[in-house]
Every structure is written in C-alpha cells, then in structure tokens.
Amino acid sequence: MTEDFLLELRCEEIPARMQEKARTDLASLFGERLKSLNLPFERIESYATPRRLALIVRGVAATTLAMSEERKGPRADAPAQAIEGFLRSTGLTRDQLVERDMGKAGQVLFAVIDRPGVVAGSVLASAATHVIHNFPWPKSMRWGAASSSTESLRWVRPLQGIIALLGDKLVPVEVAGVKSGVQTMGHRFHHPGAITIGSAADYIEKLRACHVIVDGAERRAIIAVGAKMAATKAGLTLVEDEGLLYENAGLTEWPVPLLGRFDPEFLSVPPEVIQLTARVNQKYFVCRDAAGKLANAFVCTANIDASDGGAKIVEGNQKVLAARLSDARFFYETDLKRRLEDLQPKLEKIVFHEKLGTVADKVERVAKLARWLVEEGIIPLPSGEGRGPLASAREKGEGDALSSDPHPSATSSLPPSPDGRGNLANLAERTARLAKADLVTGMVGEFPELQGLMGGYYAAAQGEDPAVAEAIRDHYKPVGQGDDVPTAPVTVAVALAERIDTLAQFFANDMKPTGSKDPFALRRAALSLLQIIFENNLRVRIFGVFTRQMDPAQARLREIVSDEIVGFLIDRLKVQQKEAGVRHDLIDAVFALGGEDDLVRLLARVHALQAFVNTEDGKNLLAGYKRAANILKKENFVIPAKAGISGDGAGQEPQDFSLSYTPENEEAALIQALDSAAPLADAAIAREDFEGAMAALATLRAPIDAFFDKVMVNEPGKREHRLALLARMRDAVHKVADFSRIEG
C-alpha cells in the first residue's frame, strides 16, 4: 500500500527570480535523499509561489527496503579482546558470526546484519529536516534570537510554517523552532486566515478556493492569455516577453492582467527606452499598434481580483509609470544637448582595465584598426562598389594579414573607386571614435543595457552619416547565440576591430581564459568574431591581424600570443561548428597543415573533407593512408633525395627507373596515379576548389588498394623505393589535410 506525502515550507516573500530553481531543487534534493534512505516512491511534483515552496511525493511505500549489511571482522584466531570489540560494534554474538577462508589471510570472521524496513514517516521527517538545512539558496538569511549563532538555520526569508502530511497523518518535523502542522495561509487579501489541509489530495484545490494558485506554470498561462486578450481588446498586439512572464508569475499568487495607458507625448522617447523603463522598473508588458509601432499602453499584473475591475490599480500604476517615463525623457533630452565628440574626453577618466589603459585608449586602438581593415580590402565595399583586389599585408610589412587570393564569391570584377574605399575608411574610423561616447550619457548611466543603441540615436539626431549611426547602434552585435550578425560594411569594420583588439590585448597581457573561468568573456568575443567573419565571408589572414594589433617592440611575444589566439579561435570554431554537424577532428586535420589561418578558406576545406571522408572512396583512401603512415612511422623512414619514384620529381632530381629499379605493375600504377592526381589536387587547391582536390585524391583509392594487396613493402632491394612511394602518397594527401588527425 502506498500513500502521497505533502511538504509545504511557508515563509516571507521569496524573490521571483529564485522561485523556479528553488522548486526544482526541492524536488531533486528530496528525491535524492529518499533514494539514499531506500524509501521507494513513484514521482515528485513541486510548486512555488511568492510565499511557499511545496512538493507532493506520489506513491510513497509504507517502509524502506529491507537491507542486508556485511562487515569484515578480525581473524578467527585473533585475541579475545579484538573479537569482543567487533561483537560490540555489530550487536551480535559469537555464534552469529560467519567464518570464511580468505586464503593467505586465513579464517576471517564476518558479520551479516539484516536490517528490517523503517516506517516511511520517520524517513520522510528525516529527509525534510535534511533538505531544509542543506537547501542551496543563492542568498539566505538568519533571523530572530537564534541568529546570533552561526549554527542557526539559514533560509531565503524567515520560515513561518511547515506542513508535513503522509496521507492524512501528520509527520512530526521541527526546524528552528517551527513545528509541522496541518494549517497554511491563503491569499494575503482575499483569504488572510488559516486553512486546514487534510492531505495532499486536497492541497491544490483548497488553496485555489482561497485565491492561491500554487502551480507556477498555471499562473504563467493565466498571465500570458490575459495580457494578450487585454491588448487585443484594445486593438493592440502584446510584445511577448518570457522572462517578464516568469517574473510576474513569481510576484503573484492570484494574477490578474490589466491594461493601462500613458501619455502619448512620451512616445517621443526612443521605444527601447520606454520598453526597458516599463520592464525593468515596473515589470510591465508593452504593446504595439496596428502599424507595428510602440503604443502608449502597457499591461500590468495585479495580485488581487479588485471589486472595481482594477480601475484604481491601473490608475496607480499609470502614475508610477508616468514618473519613470518623465525621468527617462529628461535623460534623453539632456543627452541630446551634447554632441558625442564633446563627451569623448570623459572616456579618458574611465579605466577599461588597469593593464590595458582607459576606454579612450581602447577607442584609439579600435579606430586605427577599423580604418586599416577597410584600407587593406578586408572589409567589402557596399554592394555595387565592388571589393577590389586584396593587397598583401606581408608585402607592406604589416604581417601576413590577407588572403593571397580572394574567394571568388566575395570579389567583384569591378575595381572600387579610391574615393569609395577612402570614404568607407573615414566612416569606420569616425564610428569607432564615437561608438563608446554614450557610456557617459545619463541614459546609459541609468540603463547600461542601452549602450550602443542610445549612441546610435544620438548620432542620428546630431546629423552623423546614417551608416555611422547604424554602426554605433550595432557594433556590439552579435552578443549571444541567435543574435543578428552585422553585415553593413562600416558596422562590420568596427565590430571586427573591437573583438580583435579585445582578444589581442587580454592575451598579450596573459589574461586568457582558464578552465571554466572567463572573467572578460573572451570566449564570447571569439565566437562573435567567428560569426562576423563567416557571415560576411571575410578573407583575412587572422594571425597577421592579431600580430599587428600588439606592441611592435615585443616581436617574439607578438608571434607567440598570436599563435595562442589563433589556436583559441580554432577551439571556439569547433564549438561553433559542432551544432552544424562539423566534426572537430576534421578541423584539426586541416589546421594541422600549418599556415591556414584564413578561417573562411579553412572551413571550406573542412566541409569538402567531411563530404569526402563520408564516401566509400574517402573511407578507403583514409584506410590506405593510415596503413602507409603506420608503416613509415614504424620504419622511421625519411624520403631520400633520389628516391626514384617519380618522373617529374616534385622537387627531387629526376631518375631513370631502368638504371636501378623496375617497379612492379601495382607500383607503376600508383606512381602514374600520383603523377596525375598530385598536380590536379595542387591546381584545385590554388583556385580554392577543395571539392576538386578531393576528387583528384579519390583517384588514388584503387591504386593504393592494389598496391597493398599485391606488393610486399619490405622486400630486400626494393624496400627503400617502396617506402619512398608510400611517403610520396602520404605527402600528396597532406596537401589537403593531415589525415593522421582524422578519427576512424
């Protein structure tokens, strides 16, 4: 026979942000405790409201499972005192012990103790006490006279009542002077008196009758539907907000959504400011009109079913919101009186990091880098103006920063006008110099979440080029998974420069992420940089760019740190591409070639390689490669200067086979296949046709299979020639990827 167990922990108001996790923690901890105590049950349901945590354990067994415990004791011929001590510890007599032959240890005594099941009530009381004392609140407090001791109970807010019922029977629990009972409290206003709970079966419905909905999911549904209906009734559309939905549900036990209005004059303030003011300060939803613009309406959530339909509640909320919006409008209008460039000197007083200088220092670095990225052709010109040829930064002494051959899809046949690229460079530098100025505005001081966005509004209001205003607004993007990635050239230049400088400076000053610690969000910066590069198909040799962005006086450090950053980016690339189904070992295989830091080209190679290794030709070539590589490794073979394996030499002196060695048919076929495939693969790689390179390598499959089937590599007098042939095959494959890094 099983019964249901109810536990309610009632206290003063639990912060809304903590309730959902507390609910799941309560169920998890209680379930784990019952399992450790061997008390069977079916499932656990948990609930949270602003004033209570509760759980119902369904199908609790009457007793714990019976257990048999075995303890090893002393040897059978041990001194009497040792045996007597063991008997006292087990509660058994000498004739109840079991002797077992333990080989070299001789005859050893064992105690087998059968423990009967324990009644569920005492186990549940023990579990409840344990969970209350060990609950993982992110913040908690002590209270009352007992709080003078650090040993007193800590809880999120003062604990006021406990219900513990197994079926209809009270389970005695006492914690910090609070004893379990059968009474709880209803809604603070609708039913402030005590409620007697008979069992878990009537708990939820009795509280509902007293205007308390214990299920958070049900409260969220009521708010979501009610708010949407209120907006629709007014001819508006609710702006849905899941986070706000959870917060409102965590603030109410009997939610009642109500529509209110504010003065239309406040709509002169940017809509994001209004929405943030309503959301952060007042926990209100906002609405849009039929045209999709922000409407002068909001939805608040009352915790009472008012007799006047909520008119007084709406009136009070309208007054409070009006005061908040008046403050926001004041900040906005005050900020508009100052131009962004006039605010720049204040950035010199804001420390970006003690080792990296001020925000003004960062602005200077980013502005120069953004201009350089445009001038070097890394950033494409706006559509219609063409990208133009990519200059070699290595030739200009700036490091190998650019691809030697632009990707065809990213290059226009029309050369850009010098004015077009020069103008873009000017706009990028101008944006970078103004982008951080809004950090010292009143609005961003009040709402840090609006940095960048407000700068865009202020730039537009003061007559900056629209591209500059847009780039200031968006240069922080993408800020997370699913966020928009900028594609406008000016924005791309500044956003890219921002991430490059951040990574370069923190790595150069030995402040890179370690383990799970990443205090400066460098992993997020790296992922954002990758998103920008791939979304815009930017052909940049990233090693050279990072090298350029560091102190020129520390040449060796620049190279070491740049290598570290590129490796770090490759690790982030593996994380990013995992969701797309790209194998991490294939990224390693391409990166291991060395010198491949054009990430767009690297990923194109990886995609082609993944498609190839999934084919039969690819699988068989990989198997043949690994067999060849293992033989070469075992033999510790280094290809000699005159191996006699090629007619064109691939950098070696030609040699006539007839003078020293006549290859067998399978060897000749492999030599001929290599003579044909290697140049085709090289040419395909040069034009970035990686699928073509894989197709060329695929022709090696049959010859290498036949070679291993028919030819004995270590045949005397022929061993060196055959090992050299395998080395040539290995090297041909390595031009596409390091196949030794491929798993499987």
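Laboratory data are not the source of any read-out in this text; all were calculated from the coordinates shown. All values reported here derive from a predicted model rather than from experimental measurement. Heads up, the Cβs are rebuilt from the backbone with ideal geometry, glycines too, and the neighbour counts pull from every protein chain shown.
Assigning unit charges at the beta carbon (Lys, Arg +1; Asp, Glu -1) and nothing else, what dipole magnitude in debye, to the nearest 20, does the chain show about its Cα centre?
Dipole about the Cα centre, nearest 20: 1860 debye.
Which entries in K337/K436; K21/K578; K233/K319; K35/K179; K633/K710 show an alpha-carbon gap greater than 27 Å?
K21/K578
Classify region 68-115 as rounded, prolate or oblate from the Cα gyration tensor: take a ≥ b ≥ c as the square roots of its eigenvalues, call it rounded if a/c is under 1.5, otherwise prolate when a/b beats b/c and oblate if not.
Cα axes put region 68-115 in the oblate bin.
Among the aspartates and glutamates, select those whose C-alpha is under 16 Å from the C-alpha of K169, and discard any that sit fewer than 8 residues away in the same chain.
Leaving aside aspartates and glutamates fewer than 8 places away in the same chain, those within reach of K169 are E3, D4, E8, D202.
What are the residues whose amide H is under 5 Å from the amide H of T358, where those residues sit 5 or more places off or on another chain and H is modelled from the backbone?
Distant-sequence amide H within range of T358: F352.
Is the shape of region 174-333 rounded, prolate or oblate, going by the alpha carbon gyration tensor and its root eigenvalues a ≥ b ≥ c, with a/c under 1.5 for rounded and a/b larger than b/c for prolate?
Note, shape of region 174-333 comes out prolate.
Could you give the length gained on full extension between L680 and E635, defined as 0.36 nm per residue of separation minus the Cα-Cα distance, in nm?
On the way: separation 45, 0.36 × 45 = 16.20 nm, distance 2.97 nm.
Computed gain between L680 and E635 is 13.2 nm.
Taking other Cβ within 10 Å of each residue's Cβ, how do V112, V212, V363 sort, fewest first?
Arranged by neighbour count, lowest to highest, V112, V212, V363 become V112, V363, V212.
Give the order of S140, S149 when sorted by the count of other beta carbons within 10 angstrom, beginning with the fewest.
Ascending number of Cβ neighbours within 10 Å: S149, S140.
If I model a spin label at S148 and D731 as a point 7 Å from the Cα along the Cα→Cβ vector, what separation in nanometres do I get?
8.6
Sort M102, M1, M550 so the one with the fewest other Cβ atoms within 10 Å of its own Cβ comes first.
Values: M102 12, M1 5, M550 21.
So the ranking, lowest neighbour count to highest, is M1, M102, M550.
In whole Å, how far is the Cα centre of region 175-234 from that of region 346-366?
One Cα centre to the other: 52 Å.
Taking amide H atoms as placed 1.01 Å from N in the peptide plane, list the residues 5 or more away in sequence, or in a different chain, whose amide H sits under 5 Å from that of R541.
Residues meeting the criterion, in which the H sits 1.01 Å from N, are L402, S403.
As I understand it, the dipole of the chain uses +1 on the Cβ of Lys and Arg and -1 on the Cβ of Asp and Glu, about the Cα centre. Which of T502, L340, Q183 lies farthest toward its positive end?
Working it through, the farthest residue towards the positive pole turns out to be Q183.
Assuming R0 = 51 Å, what is the FRET efficiency of E174 and D114, from their Cβ-Cβ distance, to the nearest 0.05?
Efficiency for this residue pair is about 0.95.
Which aspartates and glutamates, on any chain, are close to K104 with Cα under 20 Å apart, when same-chain ones fewer than 8 places away are left out?
Once the sequence-local aspartates and glutamates are set aside, what remains near K104 is D77.
Once you order the gyration tensor axes a ≥ b ≥ c over the Cα atoms, which shape class does the chain get: rounded for a/c under 1.5, otherwise prolate or oblate by comparing a/b with b/c? Intermediate results must be reported in sequence, preceding the final value.
On the way: a/c = 2.65, a/b = 1.24, b/c = 2.13.
It is oblate, given that a/c is not under 1.5 and a/b is not larger than b/c.
Before rounding to the nearest 500, sum -39500 (n - 2.57) across all DSSP H runs of length at least 4 in the chain and divide by the residue total; then give [θ] at 222 nm in deg cm²/dmol. Spell out each step's value before the answer.
Working: 26 runs with 346 residues, N = 744.
Value at 222 nm, helices only: -15000 deg cm²/dmol.
Is any residue of region 273-292 close enough, with backbone N under 19 Å, to a label point placed 7 angstrom from the Cα of E13 along the Cα-Cβ axis, and if so, which?
278-285
At 27 Å minimum axial length over the Cα atoms and a Kyte-Doolittle cut of 0.5, report the qualifying DSSP H helices in the chain, or say none.
489-508, 665-686
To the nearest 0.05, how large is the calculated FRET efficiency for Q160 and H130 if R₀ is 22 Å and r is the Cβ-Cβ distance?
Calculated value: 0.60.
Treating only the Cβ atoms of Lys and Arg (+1) and Asp and Glu (-1) as charged, compute the dipole magnitude of region 31-126 about its Cα centre; round to the nearest 20 debye.
Values: 14 positive and 11 negative charges, 97 e Å.
Using only the charged Cβ atoms, the result is roughly 460 debye.
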